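K.L.:
Right, I'll just put the structure down here and ask away after.
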Amino acid sequence: MAAKRRRSRSGGGGAIGCAPFFVLIIVALIIQYWWVLLIAAGVVALTVALVRSANAPARPVRMPQPPPQPMVPPPPPRVPSGEELTAQMRAHKRISRVRDMQEWDYEWLRLAHPGKSVREVNEIANAHFARGRSIGLDGGDPSVP
């Protein structure tokens, strides 16, 4: 005859006996006391937020911006009269003529003193212009002191 095999109670198959009851008890407690769990979760979240904000570096202080200024249109440009324009054009023409004559004098001095350096020619030209002399303006000879 075949011997009957017995299962041991301590094996893997017998431990499942009371687990469904524990799960049902936990689900019943969650259903009955859901508001307590909700309050506890809120307290934990508030505590975490306070700890993080206390450890965070301070924000820089924002300076308030000044109120915007009202737009004031600039005054209209002054239109010079015909006489003023004529005087400006004459002054510009005279200045440019004097400048042209001084450039011509400088070139003449450079050719008149071929062995001198640029620095020495500049010194001679500056002394010449400081005396108010110019070949093109008053016909004077720059080499004559």
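K.L.:
Can you go through 94, 78, 110 and tell me which one is under 44 Å from the mean Cα position of the chain (by Cα) and either part of a helix (DSSP H, G or I) or of a type in the set (D, E, K, R) (or both)?
P.N.:
Result of the check over 94, 78, 110: 78.
K.L.:
Okay, next question. Kindly indicate which of 69, 102, 88, 65 is within 30 Å of residue 126 (Cα to Cα) and either assigned to a loop (DSSP other than H, G, I, E, B) or open to solvent by less than 100 Å² (accessible area, probe 1.4 Å) (or both).
P.N.:
102
K.L.:
Quick check: is even one residue across the stretch 40-56 open to solvent by 100 Å² or more (accessible area, probe 1.4 Å) and either at pLDDT below 85 or of a type in the set (Asp, Glu) (or both)?
P.N.:
yes
K.L.:
Could you tell me whether the stretch 114-124 includes any residue that is in contact with a Phe, Trp or Tyr (Cβ under 9 Å, 6 or more places away or on another chain), free of Cβ contacts under 8 Å to residues at least 24 places away in the same chain and surrounded by 10 or more Cβ atoms within 10 Å (Cβ to Cβ)?
P.N.:
yes
K.L.:
From the list 58, 49, pick out the single residue that is free of Cβ contacts under 8 Å to residues at least 60 places away in the same chain and part of a loop (DSSP other than H, G, I, E, B).
P.N.:
Selected residue: 58, the only one of 58, 49 that is free of Cβ contacts under 8 Å to residues at least 60 places away in the same chain and part of a loop (DSSP other than H, G, I, E, B).
K.L.:
Across the stretch 113-129, what is the total count of residues that are among the basic types (Lys, Arg) and in a helix (DSSP H, G or I)?
P.N.:
The number of residues fulfilling the criteria is 1.
The values are calculated or read from the model by the stated rules, or taken from the named source; none is laboratory data. Keep in mind that this is a model prediction, so the values were computed, not measured. Neighbour counts are summed over all protein chains in view; Cβ atoms, including those assigned to glycine, are modelled from backbone coordinates with ideal geometry. Heavy atoms of the whole protein, side chains included, go into the accessibility calculation; ligands, DNA and RNA do not. Shrake-Rupley method; radii C 1.70, N 1.55, O 1.52, S 1.80 Å.
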